[in-house]
Each structure stands twice: as C-alpha cells, then as structure tokens.
1. Considering only protein heavy atoms and a probe of 1.4 Å, how much of the accessible area of the chain is carbon and sulfur, as a whole percent?
2. List every residue whose amide H lies under 5 Å from the amide H of Ala79, counting only residues 5 or more places away in sequence or on a different chain, with H placed 1.01 Å from N in the peptide plane.
3. Roughly how many whole Å is it from the C-alpha centroid of segment 187-228 to that of segment 1-78?
4. Arrange the residues Asp10, Asp189, Asp126 by how much accessible surface each exposes, largest first, with a 1.4 angstrom probe.
5. When the distances between all Cα atoms of segment 2-227 are binned every 10 Å from zero, what whole-number percent does each bin get?
6. Restricting to segment 2-227, compute how many DSSP beta bridges are antiparallel as a %, nearest 5.
7. What chymotrypsin sites (Phe, Trp or Tyr not before Pro) does segment 166-228 have in DSSP loop regions with at most 11 other beta carbons within 10 Å?
8. What shape does segment 101-228 take by its C-alpha gyration tensor, where a ≥ b ≥ c are the square roots of the eigenvalues and a/c under 1.5 counts as rounded, a/b above b/c as prolate, and the rest as oblate?
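The values are calculated or read from the model by the stated rules, or taken from the named source; none is laboratory data. Note that the coordinates shown come from a computational prediction; the quantities given were computed from them, not determined experimentally. All Cβ positions, even for glycine, are placed from backbone atoms using ideal geometry, and neighbour counts span all protein chains on display. Just the protein is used for accessible areas: all its heavy atoms, side chains included, with ligands, DNA and RNA removed. Shrake-Rupley method; radii C 1.70, N 1.55, O 1.52, S 1.80 Å.
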Amino acid sequence: MKSLFITGTDTDVGKTYIIAGLAVVIRKMGIDVGVMKPFAAGKAQKKGYKSKDIVIISKAAQACDPESLVNPQFFPIAASPYTAWKNLKTKPKISTILSSFKKLSKLHDILLVEGMGGIMTPILKDYYITNLIKEMKIPAVIVTRSKIGTVNHTIMTVKMCEKYKIPIKGIIINDFDSNGYKIKELTRDFKSLTNVPVLGSIPFITNFTNNSLYRIFKKSLNFKLLLR
Ligand SMILES: Nc1ncnc2c1ncn2[C@@H]1O[C@H](COP(=O)(O)OP(=O)(O)OP(=O)(O)O)[C@@H](O)[C@H]1O
Ligand SMILES: [Mg+2]
C-alpha cells in the first residue's frame, strides 16, 4: 500500500481534477487506486456522496467505498474545518479520520488523499493540514497554478512541508490560467528555488471524460517519479 496526499497552494487550484486525472492513469496501469477526502465542505449533493469532490474522484478511480471511509466528515458550509467547527459546533474528529484512512489504505494498492484548501488550512487550534499529513505519515504532492503569484505561494507551501518534515514527491503545475508564466521558465525556477521535482504541467482541459483525462495526464506527467 502506498498513499499520496494531494495538497495545493490554495483552494480552487485544481486538486480534485488533478486527482481525477492521476486516478484514471494509475487505474489504467493496472493498479487498484482508492481516493479519500478526509474533510469536505460546501453544499451537499442530493444523491450519493455528499461531497462533490468525492463524486468526481471516485468516478475517475472507479472506487465505490463507503462514505464513512472516503469522507468521514462533511460540513455543509464552505469553510475550513476550524471555521465550520466554530460556526456549526461540530468538532473535527481527527481520530475518526485517521482510523478511516488506515482502513481505506488497506483496501487499495494506492490511495490518493485530497486536502482541503492549502497546506495551512486550520482544522483545530494549532492543528493544520500539515499536522494531518504528518500523522498519516505519507508524502505530499503540491498542485500549483501558473498565474503570477504562484512562485510565492509554492515556496511558502514547500517551506511549510519542510518545517513539518513532510516529504514532497513533486509539484504539478495546473496551467489553466490564460495569462500565467511560461511553463518552461516556471519549471526551471521552481526546481532551482525549491529543490523539489516538477512532475509536469496540465493544460486547460475542455473535455473532462476519463478518456480525455487519460490522454492528457499520461503525456503530461512523470508517473515514474510520482510512483517511485
Ligand atoms: N486544467 C484545468 N482545465 C480547466 N479547468 C480546470 C482545470 N483544473 C481545474 N479546473 C476548474 O477549476 C475549478 C477548481 O478546480 P478544483 O475543484 O479541482 O479545485 P480544488 O483545488 O480541488 O478546490 P477545493 O479546495 O475546493 O477542493 C473547477 O471548476 C475545475 O473545473
Ligand atoms: Mg477539491
């Protein structure tokens, strides 16, 4: 069993769609892939899993594990777990998250875990996404964008992983902004500024079917490095 924690430089950076693409390719390699989003928030879906992210990534992975394992805690407002706790009086349950993670990771060859927001999204006081990754004892993958400002956000994310001694598998640039840095220059600078490998970049996607995700992700990312 192998697990990867897919975090990002911010909310809406593309973590869910990057996991979907990764899951499709890993599955087509003949590897059994599972997905998890420990905490999710927002408007609940009417059918199936409450979390829209879980609906998307489970479909890509073709995994249909129970909601209590793939998304142990759902908050029906768009907020960090900490803010949701304060507003709704429902405390984030770290021990439940960790036991679900343990069970789920035993059911698959690889488990892709989606974070919430960025690396310092608060869960409890003095307990952030970094603490959760640390307790799961798994490496991180950082999803970043190509828009100006990304260098600052990416360096901050890498530095926080280093502070918490979280190994980083690599950076994936989600190049869906129309007026960002040139990918060649951004890759060069990320490599020299952070010493973290850049696994590749994903272009703007117009067709989100599994076949299209497979084609794009297979040719755009270094899966050997990711799964090493
Ligand atoms: N490569 C891409 N091409 C086109 N659209 C994209 C791409 N990546 C992400 N998007 C769009 O950007 C939006 C945000 O992406 P996504 O939901 O994956 O972000 P996220 O990091 O998972 O956010 P959250 O923190 O809420 O979980 C989505 O509407 C998605 O359709
Ligand atoms: Mg998401």
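1. Details: 5990 of 11090 Å².
Ligands and nucleic acids excluded, carbon and sulfur reach 54 percent.
2. Under 5 Å from the amide H of Ala79: Gly42.
3. Spelled out, the Cα-based centre of one part sits 18 Å from the other.
4. Numbers: Asp10 80, Asp189 55, Asp126 110 Å².
Final ranking, largest accessible area leading: Asp126, Asp10, Asp189.
5. 8, 35, 38, 17, 1
6. On the way: 3 of 30 bridges.
Once the DSSP bridges in segment 2-227 are tallied, antiparallel ones form about 10 percent.
7. Values: sites: Phe176, Tyr181, Phe190, Phe204, Phe208, Tyr214, Phe217, Phe223; in loops: Phe176, Tyr181, Phe204, Phe208.
Filter output for segment 166-228: Phe204.
8. Working: a/c = 1.74, a/b = 1.20, b/c = 1.45.
It comes out oblate by the Cα gyration axes.
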